[in-house]
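Here the structure is laid out as C-alpha cells; the discussion comes afterwards.
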Amino acid sequence: MKIYAIMGEMANYSNSRVSTYDNCPYQYKLKYVDKVEAPTPTTIEMFLGDIVHRVMEKLYKDLQYQKTNTKEELLAFYQDLWKKEYSEDILIVKKEYSAENYKKMGEKFISDYYETYHPFDDVNIIGLETKDKLLLPDGNYWSVRIDKLGVDAENNYYVCDYKTNSRMIFQEQADADRQLAMYSVWVRDKFKDAKKIFLKWHMLAFNKEVISERTDEQLEQLQQDVVAKIKEIEQATADNKFPCNIDGLCNYCVYREICPSFSHLVQLEEKPPQEYKDDDGLKMVDEYAYLAKSIAELDKKKEELRQALIEYARQKKIDNVFGTSDKVSIKEEEKIVMPEDREVFIKILKDNGLYEKFSQLSYSAINSAYKNKKLPPELAEKLRTDQTIRFTLSQRKKSREE
Ligand code: SF4
C-alpha cells in the first residue's frame with residue numbers, strides 16, 4: 001500500500017483535494033493516495049471555461065502593458081483559440097446542444113463582460129492566475145490559485161474568480177465558500193496594507209457578480225476547520241479507511257472501472273448479450289432477489305394465515321387448531337405497554353434503585369458513537385472491532401435490455 005501523507009509529514013492540500021475527500025473518500029484514495037491515473041475526458045464545459053479564462057487573462061495582461069484590446073480583438077482572440085484547440089473528442093453531455101452553441105455562449109460572456117467593465121479601471125491588477133502556497137497552522141500547505149487579484153484606491157483587495165457555469169451562485173453559497181475564503185487568508189498574510197478583502201465571483205453566464213466578505217474571526221475559524229479536516233484525512237490515510245460514497249457524482253467518476261461499488265456493473269455493460277446473461281454474479285443476484293421476493297410474499301401470506309387462525313380460534317372459542325401432522329396453539333396473554341411519558345417512568349425506576357437492572361446498553365447507539373469518534377477515549381479503548389458484512393438487496397437502474 002502506498003501512503004501519500006503519513007502523520008507528521010507535511011503535504012500540499014487544495015480545495016479540490018479536500019472536496020474530493022468530502023465527496024467520496026474512496027475516490028480520494030485512488031486519486032491522491034494510490035495516484036491512479038485515469039483518462040479524464042475534457043467536457044465542453046471544461047473547454048469553454050479554460051478558453052474564457054485565457055481570454056480574461058490576456059485582457060488584463062495586455063492592460064498591464066498599457067494595451068487595451070477592443071471587444072472585437074478580444075473576440076477574435078477567443079475564436080482563434082477555440083478554432084486551434086477544439087477537437088472532436090471533447091465530450092458534449094447535453095446532446096441537444098452543439099459545440100457551436102457553447103462557442104456562442106463564450107462569445108456572449110466576453111462581450112457582456114467587456115461592456116460592463118470597460119475601461120477596466122475599477123481596480124489595479126496585482127495578480128493574474130496567481131499561484132502560491134499558504135502555510136497552514138499545522139505546517140501543511142494550501143494551494144492558492146487566484147484568477148484575478150485587484151486592489152482599489154482605498155486598499156481594498158478583490159479576490160476574483162470567473163465562473164462560466166450556467167448555475168448561479170447564491171449569496172449563502174458564496175458566504176459559505178471555502179476556496180476563495182482561504183485565498184483571502186493568503187492575501188491578508190501577503191498584503192499587510194489590506195483594509196478589506198472582498199471575494200468576488202464573476203458569474204459570466206448571468207453578467208452578474210456575487211461578493212462576499214469574511215471577518216478575521218471567520219477566517220481563523222475557517223483555518224481551524226481546514227486543519228481539522230486535514231487531520232481527519234491523514235487519520236483515514238494512516239488507517240487506510242476510505243469508504244465509497246455512492247451518489248449522483250458516481251455517474252461522472254473516472255474511477256468507476258476500478259471502484260468496488262461499480263466495477264462489476266462496468267464489466268457487465270461491456271459484455272456481449274450472451275456473456276452478460278451467463279455472468280455468475282448476475283445470476284446469483286437474480287436468484288437471491290427471486291428468493292428474497294418469494295420469502296417476502298410467503299411471509300405476508302403466513303401473517304394473513306396467522307390472523308385468520310386467530311380469528312377462527314376466537315370464533316370457535318378454542319385455543320388449539322389441528323392440522324394433519326401439526327397443531328397451532330393460540331393463547332391470549334397479557335403484555336405490558338410502556339407508558340408514553342418515559343421520563344417519569346425512568347425516574348420512578350431510578351428512585352426505586354431498579355434502573356440499572358431494567359435498562360440495557362444500546363448497541364447501535366454505541367456503535368454509531370464509536371464510528372463517529374464521539375466516545376470518550378477511555379471508553380473507546382475498551383472496545384475492539386471485528387469484521388462484519390452488511391448485505392443489502394436493492395433495485396438497480398437498468399442500463400440495458402436483458
Ligand atoms: S464511482 Fe462513486 S463511489 Fe466509486 S470512487 Fe467514484 S465517486 Fe466514489
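The values are calculated or read from the model by the stated rules, or taken from the named source; none is laboratory data. These figures come from a predicted structure and were not determined experimentally. FYI the Cβ positions are ideal-geometry reconstructions off the backbone, even for glycines, and counts take in every protein chain you see.
Which residue out of Lys31, Lys35, Lys58 is buried (at least 19 other Cβ atoms within 10 Å of the Cβ), of a type in the set (D, E, K, R) and either at pLDDT 95 or above or touching a Phe, Trp or Tyr at 6+ places or on another chain (Cβ under 9 Å) (or both)? Give the derivation first.
On the way: Lys35 fails: buried (at least 19 other Cβ atoms within 10 Å of the Cβ); Lys58 fails: buried (at least 19 other Cβ atoms within 10 Å of the Cβ).
The conditions single out Lys31.
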Practice task
May I ask you to verify whether Asp147 is in contact with a Phe, Trp or Tyr (Cβ under 9 Å, 6 or more places away or on another chain), within 16 Å of Val52 (Cβ to Cβ) and either among the polar types (S, T, N, Q) or surrounded by 13 or more Cβ atoms within 10 Å (Cβ to Cβ) (or both)?
Solution key: yes
Problem - Where Gln315 falls short, out of the listed (1) surrounded by fewer than 10 Cβ atoms within 10 Å (Cβ to Cβ); (2) part of a loop (DSSP other than H, G, I, E, B) - result: (2)
Practice task
May I ask you to list pairs of residues, at least six apart or on different chains, whose Cβ atoms are under 7 Å apart, with the first in the range 243-260 being under 26 Å from Lys371 (Cβ atoms) and the second being basic (Lys, Arg) and within 6 Å of the ligand (Cβ to nearest atom)?
Solution key: Cys250/Arg256
Handout entry: Residue within the range 251-266 that is of a type in the set (Val, Ile, Thr), surrounded by 12 or more Cβ atoms within 10 Å (Cβ to Cβ) and within 30 Å of Met10 (Cα to Cα) present
Key = yes
Handout entry: Lone unmet requirement of (1) in a helix (DSSP H, G or I); (2) crowded, with 20+ Cβ neighbours inside 10 Å; (3) not aliphatic (A, V, I, L, M) for Glu100
Key = (2)
Handout entry: Among (1) on the phi > 0 side of the Ramachandran plot; (2) more than 24 Å from the chain's Cα centre (by Cα), the one test that Gln79 misses
Key = (1)
Exercise for the section: Please indicate, with yes or no, whether at least one residue in the range 221-232 is surrounded by 15 or more Cβ atoms within 10 Å (Cβ to Cβ) and in contact with a strand residue (DSSP E or B) (Cβ under 8 Å, 6 or more places away or on another chain). Expected result: yes
Problem - Residues (among the polar types (S, T, N, Q) and near the ligand (Cβ under 7 Å from one of its atoms)) located in the range 20-35 - result: Asn23, Gln27
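Given the residues Glu303, Glu333, which is the only one that is loosely packed, with under 11 Cβ neighbours inside 10 Å, within 44 Å of the chain's Cα centre (by Cα) and over 30 Å from Cys250 (Cβ atoms)?
On the way: Glu333 fails: within 44 Å of the chain's Cα centre (by Cα).
Matching residue, one of Glu303, Glu333: Glu303.
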Fill in the blank from the handout: Out of (1) away from the ligand (no atom under 14 Å from the Cβ); (2) of a type in the set (Gly, Ala, Ser); (3) within 30 Å of Pro25 (Cα to Cα), the one Ser263 does not meet is (1)
Exercise for the section: Tell me, please, whether a residue that is at pLDDT 95 or above, among the β-branched types (Val, Ile, Thr) and either within 16 Å of the ligand (Cβ to nearest atom) or farther than 30 Å from Lys371 by Cβ (or both) can be found in the range 269-289. Expected result: no
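Does the range 204-251 hold any residues that are of a type in the set (Gly, Ala, Ser) and closer than 30 Å to Val52 by Cα, and which are they? Reasoning before the result, please.
Residues of the range 204-251 of a type in the set (Gly, Ala, Ser): 205, 212, 228, 236, 238, 248.
Selection gives Ala205, Ser212, Gly248.
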Practice task
Could you figure out which of (1) surrounded by 13 or more Cβ atoms within 10 Å (Cβ to Cβ); (2) within 16 Å of the ligand (Cβ to nearest atom) isn't true of Glu213?
Solution key: (2)
Exercise for the section: Please verify whether the range 385-401 includes one or more residues that are surrounded by 10 or more Cβ atoms within 10 Å (Cβ to Cβ), over 29 Å from Leu291 (Cβ atoms) and hydrophobic (A, V, I, L, M, F, W, C). Expected result: no
Handout entry: Selection within the range 324-344 - outside any loop (DSSP other than H, G, I, E, B) and of a type in the set (Asp, Glu)
Key = Glu343
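Would you mention how many residues in the range 357-384 are among the basic types (Lys, Arg), outside any loop (DSSP other than H, G, I, E, B), at pLDDT below 90 and exposed (fewer than 10 other Cβ atoms within 10 Å of the Cβ)?
Restricting attention to the range 357-384, the residues satisfying the condition of being among the basic types (Lys, Arg) are 357, 371, 373-374, 382, 384.
Remaining after also requiring outside any loop (DSSP other than H, G, I, E, B): 357, 371.
Those left that are additionally at pLDDT below 90: 371.
Pick out the ones that are also exposed (fewer than 10 other Cβ atoms within 10 Å of the Cβ) and you get none.
So the count comes out to 0.
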Exercise for the section: List the number of the failed condition for Trp201; all other conditions in (1) away from the ligand (no atom under 16 Å from the Cβ); (2) in contact with a Pro (Cβ under 8 Å, 6 or more places away or on another chain) hold. Expected result: (2)
Practice task
Could you please tell me which pairs satisfy a Cβ distance under 6 Å, a separation of 6+ or placement on different chains, a first residue in the range 22-46 that is closer than 22 Å to Lys229 by Cβ and outside any helix (DSSP H, G or I), and a second residue that is within 10 Å of the ligand (Cβ to nearest atom) and of a type outside the set (Gly, Ala, Ser)?
Solution key: Cys24/Asn245
Practice task
Residue by residue through the range 216-248, note down the ones that are of a type in the set (Lys, Arg) and more than 16 Å from the ligand (Cβ to nearest atom).
Solution key: Lys229, Lys231
